[in-house]
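J.: Quick one: structure below, then a few questions.
The values are calculated or read from the model by the stated rules, or taken from the named source; none is laboratory data. This one's a predicted model, so the numbers in the text were calculated from it and none came from an experiment. Please note: Cβ atoms are built from the backbone with ideal geometry, for glycine as well, and neighbour counts cover all protein chains shown. Calculation scope for accessible area: heavy atoms of the full protein, side chains included, ligands and nucleic acids excluded. Shrake-Rupley method; radii C 1.70, N 1.55, O 1.52, S 1.80 Å.
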Amino acid sequence: MARTAHEDDSIGAATRALADATATLTRLLGKQVSAASVELNDVVAGSLREAARGLAEASDSVDRAGAGRRRDKVDQTRADLLAAAGRVFAARGYEGASVGDIAAEAGYTKGALYAHFGSKSGLFLEFARATLAEETCGGLQADDLAVTLEASMRATVGEPVTLVALEIIAYGIRHPESRPDLAPLLSASWDFMAEQVRDDRIRRERRAAGLPDPAPTDDPPTPPTQHDRDTALGVVAMSNLAVMFGTLAHDRDDAADTGARLLRRLLGY
């Protein structure tokens with residue numbers, strides 16, 4: 001049966017106490033035995049020193065294990081609160097969401113939220129960082145960027161998650177003090193999409209010339225062109241707008257179909 005953190009703390013405290021007692025006993029016996037036999041003194045003192053060293057190492061091991069579990073618990077609490085924040089912000093917006101709503105959604109107290117993020121604004125900024133970092137942590141792995149983006153667009157029509165990106169932008173506009181934190185994140189997101197557009201363009205150019213797709217071991221590609229960056233911003237803006245229109249329209253497929261055609265036009269298909 002797994003021990004609890006409290007039990008590990010108790011074991012660690014007991015082990016440290018025993019190690020201290022062993023060290024004290026070593027000193028006392030060393031003084032007493034020295035009068036009788038130098039050889040016996042060395043044997044006893046050496047054995048006790050080994051015992052003290054072993055106990056100290058055991059205590060350190062228990063402390064490290066307990067600290068690891070505490071870090072795991074902290075990480076899990078933060079992850080739970082961030083996930084709940086995403087759901088509540090998407091459904092109610094930043095202004096409409098309360099600390100109590102988010103804490104209750106995550107299954108924690110408001111005190112836990114304040115302890116980990118300091119405030120609702122602190123939580124929102126951390127949520128924005130995590131959301132935008134997740135978007136830019138790797139390539140889309142798309143053989144056909146238009147197909148991948150179209151599938152993502154259709155999947156998010158009518159979903160509250162659609163509003164997350166808009167909430168981040170709206171928050172930055174309404175709260176100028178947040179812009180130094182948000183601006184680099186949004187720029188990185190734009191850069192990421194420009195790189196996807198560049199990779200898709202290079203892949204299609206090579207195929208048109210009868211060349212194989214770039215291999216992972218090839219030299220790094222050149223930076224995105226200005227046209228790639230312009231296209232990336234157009235793709236993001238159009239996809240978000242098509243999703244919103246699709247959510248509100250009587251015929252969702254009409255907006256999604258139009259969005260798919262515009263995606264291909266923007267990407268030069």
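J.: Round to a whole number: what % of the accessible area of the range 155-219 belongs to carbon and sulfur, probe 1.4 Å? Display every interim value, and only then the final one.
T.: Numbers: 2270 of 3820 Å².
Looking at the range 155-219 in its full context, I get 60 percent from C and S.
J.: If you wrap the range 80-189's Cα atoms in a convex hull and average its projection over all directions, what's the area in nm²?
T.: Working: hull surface 29.7 nm².
Quarter of the Cα hull surface area: 7.4 nm².
J.: Shifting gears a bit: Which order do the peptides 85-91, 149-155, 210-216 come out in when sorted by mean C-beta neighbours inside 10 angstrom, highest first? Please list the in-between numbers first.
T.: Details: 85-91: 20.9, 149-155: 17.4, 210-216: 8.6.
Put in order of decreasing packing, that is 85-91, 149-155, 210-216.
J.: Using only Cα atoms, locate the centre of the range 195-230 and the centre of the range 244-269, then give the distance between them in Å, rounded to an integer.
T.: Going from one Cα centre to the other spans 25 Å.
J.: Under 20 Å from the 7 Å Cα→Cβ point of GLN226, by amide nitrogen: which residues of the range 238-269?
T.: It comes to 266-268, nothing else.
J.: What fraction, in whole percent, of alpha-carbon pairs in the range 127-260 exceed 23 Å separation? Please report the intermediate quantities before stating the final value.
T.: On the way: 3635 of 8911 pairs.
Taking all Cα-Cα pairs of the range 127-260, the fraction more than 23 Å apart is 41 percent.
J.: Can you tell me the accessible area per residue over the range 112-269, all protein chains present, probe 1.4 angstrom, in square angstrom?
T.: Details: 9010 Å² over 158 residues.
Result: 57 Å² per residue.
J.: Taking 0.36 nm per intervening residue step and subtracting the Cα-Cα distance, what contour gain separates ALA79 from LEU211 on full extension? Please report the intermediate quantities before stating the final value.
T.: Working: separation 132, 0.36 × 132 = 47.52 nm, distance 4.47 nm.
Result for the pair: 43.1 nm of gain on full extension.
J.: How large is Rg/Rh for the range 75-130, to two decimals, with Cα atoms and a Kirkwood Rh? Each step should come with its number before you reach the end.
T.: Working: Rg = 9.5 Å, Rh = 10.6 Å.
Reported Rg/Rh, Kirkwood definition of Rh: 0.90.
J.: Beyond 21 Å, what share of the Cα-Cα pairs of the range 195-269 is found? Please give it as a whole percent.
T.: Details: 1119 of 2775 pairs.
In whole percent, the long-distance tail amounts to 40.
J.: Right, here's the next one. Using unit Cβ charges (K, R positive; D, E negative) and no other charged atoms, how large, in debye to the nearest 20, is the dipole of the range 118-269 about its Cα centre?
T.: Values: 16 positive and 24 negative charges, 59 e Å.
For the range 118-269, the charge dipole is close to 280 debye.
J.: Between LYS110 and LEU262, what is 0.36 nm times their sequence separation minus the Cα-Cα distance? Round to one decimal in nm.
T.: On the way: separation 152, 0.36 × 152 = 54.72 nm, distance 4.50 nm.
Going from the current span to full extension adds 50.2 nm.
J.: Show me the three semi-axes of the equivalent ellipsoid for the range 176-229, from the C-alpha gyration tensor (sqrt of 5 times each eigenvalue), largest first, rounded to whole Å.
T.: Values: eigenvalues 192, 24, 10 Å².
Calculated on Cα positions only, the semi-axes equal 31, 11, 7 Å.
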